[in-house]
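Read the structure below first, then the notes.
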4 protein chains.
Amino acid sequence: MRQFTGVIPPVVTPRSADGSIDTHSLTRVTKHLLEGGVHGLFVLGSSAEVPYMTNDERELVVTTIAGVNAGQVPLIVGACEQTTNRVIEEGRKMVGLGADALVVTSPFYAIPNVQETDTHFRSIHAALDVPLFAYDVPVRTHFKLPLNLLIQLGRDQVIAGVKDSSGDDVSFRQLVLAARGIDNFSIFTGHEVVVDGALLGGADGVVPGLGNVDPAGYRRLFDAAADGDFVKAAAEQDRLADVFNIVYTPTPGRVSGGAAGLGAFKTALMLMGVIDTNIMSAPMLSLNDAETAAIRTILERNGLI
Amino acid sequence: MRQFTGVIPPVVTPRSADGSIDTHSLTRVTKHLLEGGVHGLFVLGSSAEVPYMTNDERELVVTTIAGVNAGQVPLIVGACEQTTNRVIEEGRKMVGLGADALVVTSPFYAIPNVQETDTHFRSIHAALDVPLFAYDVPVRTHFKLPLNLLIQLGRDQVIAGVKDSSGDDVSFRQLVLAARGIDNFSIFTGHEVVVDGALLGGADGVVPGLGNVDPAGYRRLFDAAADGDFVKAAAEQDRLADVFNIVYTPTPGRVSGGAAGLGAFKTALMLMGVIDTNIMSAPMLSLNDAETAAIRTILERNGLI
Amino acid sequence: MRQFTGVIPPVVTPRSADGSIDTHSLTRVTKHLLEGGVHGLFVLGSSAEVPYMTNDERELVVTTIAGVNAGQVPLIVGACEQTTNRVIEEGRKMVGLGADALVVTSPFYAIPNVQETDTHFRSIHAALDVPLFAYDVPVRTHFKLPLNLLIQLGRDQVIAGVKDSSGDDVSFRQLVLAARGIDNFSIFTGHEVVVDGALLGGADGVVPGLGNVDPAGYRRLFDAAADGDFVKAAAEQDRLADVFNIVYTPTPGRVSGGAAGLGAFKTALMLMGVIDTNIMSAPMLSLNDAETAAIRTILERNGLI
Amino acid sequence: MRQFTGVIPPVVTPRSADGSIDTHSLTRVTKHLLEGGVHGLFVLGSSAEVPYMTNDERELVVTTIAGVNAGQVPLIVGACEQTTNRVIEEGRKMVGLGADALVVTSPFYAIPNVQETDTHFRSIHAALDVPLFAYDVPVRTHFKLPLNLLIQLGRDQVIAGVKDSSGDDVSFRQLVLAARGIDNFSIFTGHEVVVDGALLGGADGVVPGLGNVDPAGYRRLFDAAADGDFVKAAAEQDRLADVFNIVYTPTPGRVSGGAAGLGAFKTALMLMGVIDTNIMSAPMLSLNDAETAAIRTILERNGLI
């Protein structure tokens, strides 16, 4: 048995026209996810635009989501800081605000090696009495967490799981296989369109940014896989892969790679009436009318509006 | 209906103690593959060490395999050259030697853009009357073939398929979905350990380097998926993922990344009695006794020797 | 006339055996730099291990250096945060602590594009009434600040200068040439061993990590170049290039790339009696006895101890 | 004393309207270079579009240049092939056609490590009795030749020099310093706009693509540096840096990075009446009328037309 399994979307962060956090919309998106049947909430993830939030904003977001959730599902919270001691400070604060587990990357802006990364996770684990997820996101940290390091950290119960956004599906499969023999070591994929294959290979769950838009779809996908009905899971995945095309609607080059995907999720939620605006954190551009119209078309053909 | 589907391993190139091509061993490995039930043979691929072969050696390898195959399965042959006109010359020669289709990368050593890559494939298609596979292998070419380019080249019947070794599983899934609506556009994965998921997502086949070692295993995996029995396919895949651990046996840093995987395949075939030596093309090192012993253990626990 | 020119070393951060900031040693290294004739101090730079400091530590370091400096030379202080609004908060705090100018990178952990980076610098400039240096350090941010962006930001007086640690000497030369026509736009190189060439090309100064070890040497180099005696400047540079070999003494792979260079600077200062220990911020390893001995040899042959 | 020093431009390859090699124009550009006072000719370099040439074209180019040169200056010829044995075959052919030295990269399309690269150069040296230049061009090979490897190969007289297009000016300086103690080990920079600094640091010469356009300018720069007049050298370099702006005239994204620079050199030579067309090798686009007009402006303000 594993403590963490299932669909755990990274909650997006709605903003008001003046750029401040829109807690009313954040409340609604949290309810939307809970009603969609998610198994947990990933708070302050990349999809939440966490690197763009001030410290006060981070606290407000965690507090708001924790209030809505009221203990219904586990809150897995990102402690997005540059290096070990900064992560420990941030993590301690998040646990105080209600985090049931923390998500931590390798050091960034820093130029670490494997040894330092090992020390990093062990030091954080020693300082904080809370389950720790290693977040493998080399597109942001520019450091791929090595398979052997993750397995050893899992065996030593330093980490309780991995959120894999590495895009390295070969390493992911080997990680899933290795995790089978380790208690309480959960492997989640962060890639929205290959969840059926990940679950077929034995993954424990998924952290889908697109899950903000269609949490119930991911729940159906997960349940079909759990039932061993992979043909049904693949059909659901194919539909979700079509919904995922919303992230390709921005004109190439107009908005950044970071803003395109997150902006699409927020725009879809706006069109669905869940949040009020699709405004992005500074300095990111929001999606424009043409991009919004293209997203509307995709949502309509998939029955989401 | 698609012209190319199934298991099409990239045939390794055995060498003798003096470094020359060992045609006797090459004959045996070709027979081993055909007896394993493969649907085609990929000749002069990266797994064949094609960049390390002289022109005479390339001809000898194609001729030898073509002779053993005698038309039993399609021969898909790599035309591994730096840019368009060199590929056309190489490809024309390979067609003359019996290639049923060609595999072509984007220009390398060159620094192309998307437009030039589009022209590249269209020019080769115009010059050579043979099905063309685009080989997406950014770890070698350092250029990811864009999804939209591949789809357009498929729709325009410039390419008959894609061999994807990009490691980008998200893009791969979108490619498979897009290919559904295009006649005679086959999508193959080159990643040995995620074939079950690729087939679940709708891929047409696999070009597994590890298929040299266990062609029958990949055939069983493919057949299970074709029957819709993905739980069986995943079990076969899990076993093959364990066999794939042979590529991790070399001491890190002793041999290059290129030599580790290919050296492991050749060492396994040597241990299985299919080829005589595990000698690599210059300047690559061959696996040593300790590494060979580690591979033997993996093969034994998987019943391959 | 330009506001900022000359030798402005990034002050290293000494730590005590218990890992805390050693303000006594920090005081001594600051005096050592001022006595060496530096034209300014770069505080909280990468060489200060800024990403590894907690917020309290950052304040302590700035306050300590500002106290020792007592207005003798300008303090250029790094505001090392992930994105725009976080930089503004950090920068405002640093100005309050005595910063005469701020050093700011492009967003990191974020995945920005050129447009967002432009907005980033303009927003920070609008929020804070202080000269701003753009810090081009793609080895950490993984984003090269484009030449045209820097020039436009300089022309618009959004930035007062550039600290270039990009390693792109072609772009650097074009930047220096373009800066000639812009008032109060200072171009500094961060590369310790090519300062003679940078000054020959027209650079305004240097931010040398190695300047912690030999500030007087860099001052002599700068003065020779200012006098037009480039043969003398090159001879001084050659000597400093030999001193720079201290960064290559760590066993490859034992310490990280980040820790090797900074650890060598701190070890040299320890051997010179300027600071008490060569202890690095967690999770970085400190240089060991063998590495320290190798550094001693290099310092001795260059007359630094 | 060193065998190779000075200005050794990589000769561009003019093509006729039908795409074939234009030997008349090639003859004229060769004479233009010799009249400009160059110390050698680099034949079949990247600037010659060597990866885009068929084998017959490569032979024609070498033969044509060798005929015009008639032994006046050394011919340093690129053997641009994927791996060791292919380089040996190509190199042997080039020596037969008149090469006085060969230029060789690390293996490409291959995925080598340091050990294989060492073996690569030693095997080529053993097979061919001709001075060998290591060509460090990671933007094409995606492998930076390590400083220590180059120094050891130089000490062992395996290589007679290095052509550095790595863009790593720190490593370049260390290489130049290390080369001082080694006989017949010449270090050339390939970067057109930092030649003054490279010569100040002790480099032996330059292989400037822009030298096709203004060979006499590079000769004056070299002579000034040889006389110790670096202020004069820097002034000449500044002028050449302005001429170098021709490579930035193509609309970003319209032509590839490879085609922009080489296309600019050919367009300039066309405007100067040295060659007949600015046609690029397939699949590269040639510069268009607007880009040509922009180049004309730059050439006019620098007195080159």
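Just the residues that are within 24 Å of D:Leu34 (Cβ to Cβ) and without any contact (Cβ under 8 Å) to a residue 60 or more places away in the chain, please, taken from segment D:101-128. Working first, answer last.
Of all residues in segment D:101-128, those within 24 Å of D:Leu34 (Cβ to Cβ) come to D:101-103.
The answer is D:Leu102, and nothing else.
Of all the listed residues (A:Phe143, A:Phe133), the sole one being outside any helix (DSSP H, G or I) and more than 12 Å from every other protein chain (Cβ to nearest Cβ) is A:Phe133. When segment C:16-61 is limited to residues that are among the basic types (Lys, Arg) and surrounded by 16 or more Cβ atoms within 10 Å (Cβ to Cβ), the one that is farthest from the other protein chains (Cβ to nearest Cβ) turns out to be C:Arg28. Looking across segment C:152-211, just one residue is more than 17 Å from the chain's Cα centre (by Cα) and hydroxyl-bearing (Ser, Thr, Tyr), and that is C:Ser171. Within the set C:Ser256, C:Ser281, the sole residue that is of a type in the set (Ser, Thr, Tyr), under 20 Å from the mean Cα position of the chain (by Cα) and modelled with pLDDT of 95 or more turns out to be C:Ser281.
How about segment D:196-243: which of its residues are charged (D, E, K, R), more than 21 Å from D:Lys163 (Cα to Cα) and in contact with a helix residue (DSSP H, G or I) (Cβ under 8 Å, 6 or more places away or on another chain)? Across segment D:196-243, the qualifying residues are D:Lys232, D:Glu236, D:Asp238, D:Arg239, D:Asp242. Listed conditions (1) among the β-branched types (Val, Ile, Thr); (2) surrounded by fewer than 17 Cβ atoms within 10 Å (Cβ to Cβ); (3) touching a Leu at 6+ places or on another chain (Cβ under 9 Å); (4) within 13 Å of chain C (Cβ to nearest Cβ) are all met by A:Val231, apart from (4). Checked across segment B:105-112, the condition of being at pLDDT 95 or above, surrounded by fewer than 20 Cβ atoms within 10 Å (Cβ to Cβ) and either over 22 Å from D:Ala48 (Cβ atoms) or facing chain D (nearest Cβ under 9 Å) (or both) holds for no residue.
When segment A:185-227 is limited to residues that are crowded, with 24+ Cβ neighbours inside 10 Å, farther than 21 Å from B:Ala198 by Cβ and among the small types (Gly, Ala, Ser), the one that is farthest from the other protein chains (Cβ to nearest Cβ) turns out to be A:Ser186. The residues of segment B:250-305 that are of a type in the set (Ser, Thr, Tyr) and over 21 Å from D:Arg122 (Cα atoms), listed by number, are B:Thr251, B:Thr267, B:Thr277, B:Thr292, B:Thr297. Those residues that are at the interface with another protein chain (Cβ under 9 Å from one of its Cβ atoms), out of contact with any Ser or Thr (no Cβ under 8 Å at 6 or more places or on another chain) and among the acidic types (Asp, Glu), I need them from segment C:113-130; list them, please. Passing the criteria: only C:Asp118. Testing D:Lys93 on (1) surrounded by 21 or more Cβ atoms within 10 Å (Cβ to Cβ); (2) of a type outside the set (S, T, N, Q); (3) within 14 Å of chain B (Cβ to nearest Cβ), one condition comes back false. Which one is that? Of everything listed in (1) surrounded by 21 or more Cβ atoms within 10 Å (Cβ to Cβ); (2) of a type outside the set (S, T, N, Q); (3) within 14 Å of chain B (Cβ to nearest Cβ), D:Lys93 misses just condition (1).
Filtering segment A:243-281 to residues that are in a loop (DSSP other than H, G, I, E, B) and surrounded by 19 or more Cβ atoms within 10 Å (Cβ to Cβ) leaves A:Thr249, A:Pro250, A:Ser256, A:Val274, A:Ile275, A:Asn278, A:Ile279, A:Met280, A:Ser281. Among the residues of segment D:173-200, those identified as of a type outside the set (Lys, Arg), over 17 Å from D:Ala235 (Cα atoms) and assigned to a loop (DSSP other than H, G, I, E, B) are D:Gly181, D:Ile182, D:Asp183, D:Asn184, D:Phe185, D:Gly190.
Taking segment B:168-183, which residues are touching a residue at least 12 places away in the same chain (Cβ under 8 Å), within 8 Å of chain A (Cβ to nearest Cβ) and out of contact with any Asp or Glu (no Cβ under 6 Å at 6 or more places or on another chain)? Across segment B:168-183, the qualifying residues are B:Asp168, B:Arg173, B:Gln174, B:Leu177.
Of the numbered criteria (1) outside any loop (DSSP other than H, G, I, E, B); (2) more than 18 Å from B:Val195 (Cα to Cα); (3) acidic (Asp, Glu), the one B:Glu236 fails is (2).
Restricting to segment D:78-89, and then to whatever is more than 8 Å from every other protein chain (Cβ to nearest Cβ) and in contact (Cβ under 8 Å) with a residue 12 or more places away in the chain, can you tell me which residue is surrounded by the fewest Cβ atoms within 10 Å (Cβ to Cβ)? Give the steps one after another, and end with the answer.
From segment D:78-89, those more than 8 Å from every other protein chain (Cβ to nearest Cβ) are D:78-79, D:81, D:87-88; that's our starting set.
Narrowing the set further to residues that are in contact (Cβ under 8 Å) with a residue 12 or more places away in the chain leaves D:78-79, D:87-88.
Working: D:Gly78: 29, D:Ala79: 27, D:Val87: 25, D:Ile88: 22.
Restricting to residues being more than 8 Å from every other protein chain (Cβ to nearest Cβ) and in contact (Cβ under 8 Å) with a residue 12 or more places away in the chain, the top hit is D:Ile88.
Name the single residue that is nearest to A:Asn245 (Cα to Cα) among those in segment A:168-184 being crowded, with 24+ Cβ neighbours inside 10 Å and of a type in the set (A, V, I, L, M, F, W, C). Selected residue: A:Phe172.
Looking across segment B:17-76, just one residue is under 24 Å from B:Glu89 (Cα atoms) and among the basic types (Lys, Arg), and that is B:Arg58.
Among the conditions (1) at pLDDT 95 or above; (2) within 22 Å of A:Thr63 (Cα to Cα), the only one that A:Asp118 does not satisfy is (2). Residues in segment A:28-44 that are among the small types (Gly, Ala, Ser) and more than 22 Å from A:Leu271 (Cβ to Cβ): A:Gly40 alone. Here is a check on your reading of the model: is C:Leu75 on the phi > 0 side of the Ramachandran plot, touching a Gly at 6+ places or on another chain (Cβ under 8 Å), touching a residue at least 12 places away in the same chain (Cβ under 8 Å) and not polar (S, T, N, Q)? When the stated conditions are applied, C:Leu75 does not pass them.
The values are calculated or read from the model by the stated rules, or taken from the named source; none is laboratory data. Since this is a predicted model, take the numbers as computed values, not measurements. Positions of Cβ are generated from backbone atoms using ideal geometry, with glycine treated the same way; all protein chains shown enter the neighbour counts.
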